[in-house]
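Engineer: Mind having a look at this structure? Questions to follow.
The values are calculated or read from the model by the stated rules, or taken from the named source; none is laboratory data. What you see is a predicted model; the values in this text were computed from it and never measured. Please note: Cβ atoms are built from the backbone with ideal geometry, for glycine as well, and neighbour counts cover all protein chains shown. Keep in mind that these areas ignore ligands, DNA and RNA; they rest on the heavy atoms of the full protein, side chains included. Shrake-Rupley method; radii C 1.70, N 1.55, O 1.52, S 1.80 Å.
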Amino acid sequence: LMVPDFLEREVFCCGPTPYMTAVKRLLEAAGFDMARYHEESFGATPAEARADAVEQAEQAADAPEVDLADLHQVEFIASGKSIRVAPGETVHAAAAKLGLLIPKACGMGICGTCKVLKLGGEVEMDHNGGITEEDEAEGYILSCCSVPKGDVRIEF
Ligand code: FES
């Protein structure tokens, strides 16, 4: 409806993989010239990064027990679930441990897919431009790159 002449246009696509797959299928089904289809992909995790992650996980497994006082409570209001997380764990990781699947794509604060509303508490958000100042002012955070600084309450 918005782009009735899309068959004559250049298409640039970016988003979660299932979304981009769906767009590609729609275009192919409509007879679009796929030579004019372009997509941005964050790609697979580089081998070195994967090796680093394994090493960090092994070090974490060897780490001494965390003092209970250092654990922060993350409460997901709409889901009625909560969990205590160790220092450095993100809000997204906390949700995943509870089986709550907050949508996520880049995992590095760029795309904004994992945005959730924070109802209370403070987080350290280390994003890469994936959220506007307006959203931040309204209390939104990017869950993939937000680490609780104390107990927090999330609308999800
Ligand atoms: S998943 Fe992209 S900003 Fe969090």
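Engineer: Got at least one residue in region 97-105 being over 19 Å from Ala69 (Cα atoms) and part of a strand (DSSP E or B)?
Structural biologist: There is no residue in region 97-105 that is over 19 Å from Ala69 (Cα atoms) and part of a strand (DSSP E or B).
Engineer: If you don't mind, there's one more thing I want to ask. Please count how many residues of region 100-145 are exposed (fewer than 15 other Cβ atoms within 10 Å of the Cβ) and hydroxyl-bearing (Ser, Thr, Tyr).
Structural biologist: Residues that pass the stated criteria total 1.
Engineer: How many residues are closer than 26 Å to Ser41 by Cβ and either small (Gly, Ala, Ser) or outside any loop (DSSP other than H, G, I, E, B) (or both) when one looks only at region 66-96?
Structural biologist: The total comes to 5.
Engineer: Ok, one more. Out of all the residues in region 1-23, which are at pLDDT 85 or above, more than 22 Å from Ile102 (Cα to Cα) and open to solvent by 100 Å² or more (accessible area, probe 1.4 Å)?
Structural biologist: Listed by number, the residues that qualify are Met2, Pro4, Glu8, Arg9, Phe12.
Engineer: Does Lys97 satisfy the criteria of being in the same structural domain as His127 (by TED's automatic domain parsing), crowded, with 16+ Cβ neighbours inside 10 Å and modelled with pLDDT under 95?
Structural biologist: Considered against the rule, which asks whether it is in the same structural domain as His127 (by TED's automatic domain parsing), crowded, with 16+ Cβ neighbours inside 10 Å and modelled with pLDDT under 95, Lys97 comes out as no.
Engineer: Here's something else I'd like to know. Residue check, Ile154 against (1) buried (at least 18 other Cβ atoms within 10 Å of the Cβ); (2) at pLDDT below 95, all met but one. Which one?
Structural biologist: (2)
Engineer: Could you say whether any residue in region 121-137 is near the ligand (Cβ under 8 Å from one of its atoms), closer than 21 Å to Cys14 by Cβ and outside any loop (DSSP other than H, G, I, E, B)?
Structural biologist: Within region 121-137 (the criterion being near the ligand (Cβ under 8 Å from one of its atoms), closer than 21 Å to Cys14 by Cβ and outside any loop (DSSP other than H, G, I, E, B)), the answer is no, since none of the residues qualifies.
Engineer: Still on this structure, I have one more. Give all pairs with beta carbons closer than 7 Å in which a residue from region 104-126 that is not assigned by TED's automatic domain parsing to the domain that holds Pro18 meets a residue that is near the ligand (Cβ under 6 Å from one of its atoms) and among the basic types (Lys, Arg); count only pairs at least 6 apart in sequence or on separate chains.
Structural biologist: Thr113/Lys104; Cys114/Lys104
Engineer: Here are Ala61, Ala53: which of them is closer than 29 Å to Leu117 by Cα, at pLDDT below 95, outside the structural domain of Thr17 (by TED's automatic domain parsing) and not in a strand (DSSP E or B)?
Structural biologist: Ala53
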